[in-house]
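Peer 1: This structure is in structure tokens; I'll ask about it shortly.
Please treat every number below as a calculation from the coordinates, not as lab data. These numbers were taken from a predicted model, which means no experiment stands behind them. Neighbour counts run over all protein chains shown; Cβ positions are idealised from the backbone, glycine included.
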Amino acid sequence: MSELNAAASDVLIIGGGLIGLSIAWHLADHGIHAVVLERDTVGSGASGAATGLLAPVTASGRFGHMVDFGIESLQYYSEFLSFVREESQQEIELQTAGLMRIAIDSGAEAMLSKFDNWPHAKSLEMVRLSATEALSIAPYISPDVRGAVISPMERQVNPRTLLKCLRKCCMKRGVSIIEHEQARSISDISGSGNKRAIRVRTDKEDYCFDALVIASGAWSADLGRTLGYALPVRPMKGQVLTALPGTTPHNVQFTVYGNHSYIIPGDDNALLLGSTSVNSGFDTRPTLKGITDIVASTAQMMPSILDSEFQHTWCGLRPATPDYFPILGRLPSWDNVFVATGHYKNGILLTPITGKVIATEIYCGDVSPLIEKYRPDRFCSSN
Ligand SMILES: Cc1cc2nc3c(=O)[nH]c(=O)nc-3n(C[C@H](O)[C@H](O)[C@H](O)COP(=O)(O)OP(=O)(O)OC[C@H]3O[C@@H](n4cnc5c(N)ncnc54)[C@H](O)[C@@H]3O)c2cc1C
């Protein structure tokens, strides 16, 4: 067995995405040493492919506990990023121009009216706009617009910069990161006293740890299976593309969201356009259909997009569960195996809060009321 099973290596986290790194970083805050095991490179999964909207309300279009959880994470983001900036000595820009959700058809217009009496709308400073008001602020959107909501508190972060900085912070706090090594199976071995130690077999080594976190994104089901649990996580392919201004500058100042697609102003005048959500297994090839779907739906919101110059496209696999809510917390009948996966379209938004609540649960057993609806036992019966 590897030397890493020495006393200092307390918690193994399988998965080097933003969720795994955030848990490792928060564990270090409690003085717990974590090892992050990544089969490829840190950020090679969904986290490195994401667009980074921090938009619990506008992007989900849903109300209820998941929005509350997202708002909690959004509120924690500024504090989290200020620590990450300070420790990594690197700037991470939080795009603060806000989001505009627009309605082009009657269904979307009816959706906008739901914001009127929604209790959080006031605290998030959301403002309803008529079509005329929306066009005066954003003349580049379609003249067919029927109305809009401006949401100034919702934001966007560059997930690739965040990954780089968080990795640096983790290393500074003593987190060990092992790349290019895949966990193949998990089992328990008898340890000292009544504590069951965990054995993780990889394609290179056998490791022994006091506790384990499955944070393996869209690939989490395989690891659950080796423990005898059916973790119902499946990959949902998301494709995005970037475009440069065409013959005229686009002047997009803030993220425009509607009809499940969005236009985000990016660096160097580029626009980030997204996104698809397709169940096609673990296939990560960008497709022409993906491009045409994104172009068709964003051009409905902003017709001048068709004049843009195509720059680049890529895909990632979002981890989705049957109810589209994450799976967070200790596995039933295990003292020391935890799950943090299934964040689907909200993993970048939920990175800080997930790290905080899972690290606290590992450290002292306290389960945050915020994650009571996301416990593994709503799905997991052992096989
Ligand atoms: C196109 C796109 C746009 C998105 N936009 C947004 C957005 O705007 N806002 C937002 O909040 N979210 C967004 N998301 C969703 C977000 O990216 C995910 O929810 C989040 O990244 C999940 O993070 P994770 O760490 O759980 O998974 P991942 O980042 O996928 O990390 C899991 C890691 O585990 C590793 N792994 C898997 N199995 C093993 C194993 N057996 N052994 C070792 N390592 C293993 C993988 O290689 C991977 O690196 C988007 C996703 C996509 C694809």
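Peer 1: If the elastic network links every pair of Cα atoms under 10 Å, which of Ser142, Ser297, Ser82 fluctuates the most in the Gaussian network model of the chain?
Peer 2: Of the options given, Ser82 has the highest mean-square fluctuation.
Peer 1: Another question, if that's okay. Determine ³J(HN,Hα), in whole Hz, for all residues of the stretch 178-189 in sequence, where each value follows from phi through the Karplus function 6.51 cos²θ - 1.76 cosθ + 1.60 and θ = phi - 60°; x replaces Gly and Pro.
Peer 2: Going residue by residue, I get 10, 10, 6, 9, 9, 6, 9, 8, 10, 8, 9, 10 Hz, with x marking Gly and Pro.
Peer 1: Tell me what the chain gives for mean residue ellipticity at 222 nm when only DSSP H runs of n ≥ 4 count, each as -39,500 (n - 2.57), the sum divided by the residue total, rounded to 500 deg cm²/dmol.
Peer 2: Details: 10 runs with 108 residues, N = 383.
Value at 222 nm, helices only: -8500 deg cm²/dmol.
Peer 1: I've got another one for you. What does the charge count near Gly45 come to, summing +1 for each Lys or Arg and -1 for each Asp or Glu among other residues with Cβ under 11 Å from its Cβ? Walk me through the numbers on the way to the answer.
Peer 2: Details: positive: Arg39, Arg318; negative: Glu38, Asp40.
Spelling it out: positives minus negatives among the neighbours equals 0.
Peer 1: Could you list Cys169, Cys208 so that the one with the fewest beta carbons within 10 Å of its beta carbon is first and the one with the most is last? Write out the running numbers ahead of the final one.
Peer 2: Numbers: Cys169 22, Cys208 17.
Fewest-to-most Cβ neighbours within 10 Å comes out as Cys208, Cys169.
Peer 1: What is the sum of charges around Pro286, taking Lys and Arg as +1, Asp and Glu as -1, for the other residues whose C-beta is under 14 Å from the C-beta of Pro286? Don't skip to the answer; put the middle values down first.
Peer 2: On the way: positive: Lys237, Arg285, Lys289; negative: Asp283, Asp293.
Neighbourhood net charge equals +1.
Peer 1: Additional query: Over the chain, what is the mean sequence separation of C-alpha contacts under 8 Å (at least six apart), divided by residue count, expressed as relative contact order in percent? Let's see the in-between values first.
Peer 2: Details: 842 pairs, mean separation 89.6, N = 383.
Relative CO of the chain lands at 23 percent.
Peer 1: Most exposed first by the Cβ proxy, i.e. fewest other Cβ within 10 Å, how do Thr41, Thr351, Thr298 rank?
Peer 2: With the fewest neighbours first, Thr41, Thr351, Thr298 line up as Thr41, Thr298, Thr351.
Peer 1: Name the shape class, rounded, prolate or oblate, that the alpha-carbon gyration tensor gives for the stretch 235-383, where a ≥ b ≥ c are the square roots of its eigenvalues, rounded holds for a/c under 1.5, and otherwise prolate holds if a/b is larger than b/c and oblate otherwise. Show your work: numbers first, answer last.
Peer 2: Values: a/c = 3.34, a/b = 2.26, b/c = 1.48.
Taking the square roots of the gyration eigenvalues as a ≥ b ≥ c, the stretch 235-383 is prolate.
Peer 1: Calculate the FRET efficiency for Asp10 and Asp40 from the Cβ-Cβ distance with a Förster distance of 25 Å, rounded to the nearest 0.05.
Peer 2: Working: r = 24 Å, r/R0 = 0.97.
Approximately 0.55, to the nearest 0.05.
Peer 1: With r defined as the distance between the Cβ atoms of Trp314 and Glu372 and R0 fixed at 41 Å, what FRET efficiency is calculated, to the nearest 0.05? Before the final figure, lay out each step's value.
Peer 2: Details: r = 36 Å, r/R0 = 0.87.
The computed FRET efficiency comes out at 0.70.
Peer 1: Where is the GNM fluctuation largest for the chain (alpha-carbon springs, 10 angstrom cutoff): Met153, Met100, Met236?
Peer 2: Met153
Peer 1: Out of all Cα-Cα pairs in the chain, roughly what percent, to the nearest whole number, are more than 38 Å apart? Could the numbers behind the result be given before it?
Peer 2: Working: 14542 of 73153 pairs.
That fraction is 20 percent.
Peer 1: Now, a different point. Debye calculation, C-alpha points only, no solvent: report log10 I(q)/I(0) for the stretch 155-267 at q = 0.11, 0.23 Å⁻¹, in the same order as the q values.
Peer 2: -0.63, -1.35
Peer 1: Still on this structure, I have one more. What FRET efficiency would be calculated for the residue pair Asn251, His65, taking the C-beta separation as r and a Förster radius of 35 Å, to the nearest 0.05? Mind dumping the intermediate values first?
Peer 2: Values: r = 38 Å, r/R0 = 1.08.
The pair Asn251/His65 has a calculated efficiency of 0.40.
Peer 1: For Val252, enumerate residues with amide H under 5 Å from its amide H, sequence gap 5+ or separate chain, H modeled in the peptide plane.
Peer 2: Sorted by chain and number, the residues that satisfy this come to none at all.
Peer 1: ³J(HN,Hα) across the stretch 40-51 via Karplus (A = 6.51, B = -1.76, C = 1.60, θ = phi - 60°), whole Hz, x for Gly/Pro?
Peer 2: Per residue, the Karplus-derived 3J(HN,Hα) values read 10, 10, 4, x, 6, x, 4, 4, x, 9, 6, 8 Hz.
Peer 1: Please go through the stretch 128-220 and write out the trypsin sites (Lys or Arg not before Pro) that DSSP classes as loop and that have at most 13 other C-beta atoms within 10 Å.
Peer 2: On the way: sites: Arg128, Arg146, Arg155, Arg160, Lys164, Arg167, Lys168, Lys172, Arg173, Arg184, Lys195, Arg196, Arg199, Arg201, Lys204; in loops: Arg146, Arg173, Lys195, Lys204.
Loop-located and lightly packed - Lys195, Lys204.
Peer 1: While we're here: What does the charge count around Ser277 come to, taking other residues whose C-beta lies under 14 Å from its C-beta (Lys +1, Arg +1, Asp -1, Glu -1)? Kindly include the intermediate steps, with their values, before the conclusion.
Peer 2: Numbers: positive: Arg234, Lys237, Lys289, Arg318, Lys345; negative: Asp283, Asp293.
Summing Lys and Arg as +1 and Asp and Glu as -1 gives +3.
Peer 1: Springs between alpha-carbon pairs under 10 angstrom, Gaussian network model over the chain: which of Pro369, Pro326, Pro152 fluctuates most?
Peer 2: Between Pro369, Pro326, Pro152, it is Pro369 that shows the largest mean-square fluctuation.
Peer 1: In whole Å, largest first, what are the principal axis extents of the Cα atoms in the stretch 21-163?
Peer 2: For the stretch 21-163, the Cα extents along the three principal axes come out at 54, 30, 28 Å.
Peer 1: Using modelled amide H (1.01 Å from N, peptide plane; none on Pro or chain starts), what sits under 5 Å from the amide H of Arg146, excluding residues fewer than 5 places away?
Peer 2: Those lying under 5 Å, H to H, from Arg146 are Ala103, Ile104.
Peer 1: Kindly give Rg over Rh for the stretch 233-311, based on alpha-carbon atoms, with the Kirkwood expression for the hydrodynamic radius. Mind showing how you got there, number by number?
Peer 2: Numbers: Rg = 12.9 Å, Rh = 13.0 Å.
Expressed as Rg/Rh, it is 0.99.
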